[in-house]
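**Student:** This structure is in structure tokens; I'll ask about it shortly.
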Amino acid sequence: MKIWGLTRMVKSKQRGNNIEYDKLKECWIYSDTKENVGENWKHRECGHCGKVAIKDGYQAYDDCIGKLPGLMNACCGHGKEEESYVQFIDGFSINGKDAKIIQNILKKWRDSNEK
């Protein structure tokens, strides 16, 4: 969008990292390295905790929460509680504060049963 000759930079976040839309490349890029987000997000560390996602076949988990029992997906929110979620095996999802509570319960259960 141009306003009196100025270009407005579109910015956002991805896994806690600052990103921006590059109009010339027509893609989202990381603000610090200018790397294409779509090509590099699986290898990029979390912008909040600094940990890289754990890969398990076709699934990936945030390292700060790990693989949790009964879930097919989960996200810590990367510093934004309202963006955290859990998705159960049946596809049902819970977001935000309630998701963080469920993550903590499942982490405690997992950790106590691994010993």
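The values are calculated or read from the model by the stated rules, or taken from the named source; none is laboratory data. Predicted model, so just to flag it, every value in this text is computed and none were measured. Counting neighbours? That spans all protein chains shown, and the Cβs are built from the backbone with ideal geometry, glycine included.
**Student:** Across segment 14-68, what is the number of residues that are farther than 30 Å from ARG110 by Cβ and in the same structural domain as HIS78 (by TED's automatic domain parsing)?
**Tutor:** Selection size over segment 14-68: 0.
**Student:** Taking interchain pairs and intrachain pairs at least six residues apart, which have beta carbon atoms under 8 angstrom, with the first residue in segment 95-115 and in a helix (DSSP H, G or I) and the second polar (S, T, N, Q) and modelled with pLDDT under 95?
**Tutor:** That search, which allows pairs on different chains as well, returns GLY96/SER84; ALA99/SER84; LYS100/SER84; GLN103/SER84.
**Student:** Filter segment 41-58 down to residues that are more than 13 Å from the chain's Cα centre (by Cα) and of a type outside the set (Gly, Ala, Ser) and give me whichever is surrounded by the fewest Cβ atoms within 10 Å (Cβ to Cβ).
**Tutor:** Checked segment 41-58; the qualifying residue surrounded by the fewest Cβ atoms within 10 Å (Cβ to Cβ) is TYR58.
**Student:** Within segment 26-92, considering only strands (runs of 3 or more DSSP E) that don't extend past its boundaries, which have at least 1 residues that are modelled with pLDDT of 85 or more? Break it down into steps so the answer makes sense when it comes.
**Tutor:** Details: elements: 27-30, 54-56, 59-61, 71-75, 85-88.
Once the strands (runs of 3 or more DSSP E) in segment 26-92 are filtered for at least 1 residues that are modelled with pLDDT of 85 or more, what remains is 27-30, 71-75, 85-88.
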